[in-house]
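The structure appears below as structure tokens.
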Amino acid sequence: MNEIIISPSILSADFMNLKHEILAVQAAGAEWVHIDVMDGHFVPNISIGVPVVKSVRKKTEMFLDTHLMIENPYKYIEPFVNAGADLITFHLEACKNGEEVFEIIKKIKSFGKKAGISIKPKTEAKEIFPYLNYVDLVLVMTVEPGFGGQEFMHDCAMKIPLIKEKAPESLIIQVDGGINNLTAKICRSLGANSLVAGSYIYSSSDYAKAIESLK
Ligand code: DX5
Ligand code: ZN
């Protein structure tokens, strides 16, 4: 069995107790923390940004998985790297053309950080095929980005095997949106090896049990 990377999304955490909420998922077995950055333009919601990543970095050695749901991602790579992000995932839909996609990937890599590219539900898997050999991670959204707690879109999960077929062995295929113990099983069987979960983990009374049930 392949190892599955679970990345709890702090979007559903209690922000008044963020330190506790992050250390709690770490103690519960998570190695990554998923940080959802929203700008109110690329998605119809505003969440958190650079200063929060900086504060989180000071309190944990965990791998900071930063999901940028923002316009003009290129401009914000350096601030997020300086704040302590380990992985920067940007959206294909935020880029004007393929040239810009490659510029963003190159910039992230120039800092020695991992690069991820994400697609929204309406974007077809084939749109990211040209970039699979250049990124460390592909993030398949199984909800419309912008909010936690939405229902898993089964059709979107069907992109996982299409991507896996074309991807190098080392590529991490991550799924984000509506992940619970049942949808996690579907994604794993389709070939995903990283799962983001916000509300499922943070609304549970036992984080360790919730995380274990996703593996
Ligand atoms: C949605 C975010 C997700 C969100 C997932 O725009 O990218 O990471 O926090 O939340 P759940 O797991 O509740 O669907
Ligand atoms: Zn996310």
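All of the numbers you see were taken from the coordinates with simple rules; none came from a lab. Since the model is a prediction, treat every value here as computed from it, not as a measurement. Note that each Cβ is placed from the backbone with ideal geometry, even for glycine, and that neighbours are counted across all protein chains shown.
When each of the peptides 41-52, 193-204, 20-31 is scored by how many other beta carbons lie within 10 Å of its residues on average, the order from highest to lowest is 193-204, 20-31, 41-52. Taking only the Cα atoms of the range 86-126, the ratio Rg/Rh comes out at 0.99, with Rh defined as the Kirkwood radius. Separation of the alpha carbons by more than 30 angstrom is noted, of Lys58/Lys215; Lys19/Lys159; Lys166/Lys209; Lys75/Lys122; Lys106/Lys215; Lys106/Lys126, for Lys19/Lys159; Lys166/Lys209; Lys106/Lys215.
Residues within the reach of a label modelled at Asn45 (point 7 angstrom out along Cα to beta-carbon, backbone nitrogen below 15 Å), restricted to the range 55-99, are 67-70. Mean projection of the Cα convex hull over all viewing directions, computed for the range 1-120: 8.1 nm². Length gained on full extension, Glu78 to Glu127: 15.0 nm, using 0.36 nm per residue less the C-alpha separation.
Remark: the range 26-69 is approximated by an ellipsoid whose semi-axes, taken from the C-alpha gyration tensor as √(5λ), come to 22, 11, 7 Å, largest first.
Restricting the calculation to Cα atoms, every distinct pair contributes to the Kirkwood radius of the range 52-169, found to be 14.9 Å. Cross-link partners of Lys96 among aspartates and glutamates, defined as those whose alpha carbon lies under 14 angstrom from its own and excluding same-chain residues fewer than eight positions apart: Glu71, Glu127. Neighbours of Val43, meaning other residues whose beta-carbon lies under 11 angstrom from its beta-carbon, give a summed charge of -4 when Lys and Arg score +1 and Asp and Glu score -1. When you filter the GluC sites (Glu not before Pro) in the range 112-160 for DSSP loop state and at most 11 other Cβ atoms inside 10 Å of their Cβ, you are left with Glu124, Glu151.
One way to sum up the overall shape of the chain is the equivalent ellipsoid from its Cα gyration tensor, whose semi-axes run 23, 21, 16 Å, largest first. Rounded to two decimals, the Cα radius of gyration of the range 94-160 over 2.2 N^0.38 Å is 1.19. Electrostatic bookkeeping for Glu3 treats Lys and Arg as +1 and Asp and Glu as -1; over the other residues with beta carbon under 15 Å from its beta carbon, the sum is -1. For the range 111-145, the residues whose backbone nitrogen is under 19 Å from a point 7 Å from the Cα of Asn97, taken along Cα to Cβ, are 127-131.
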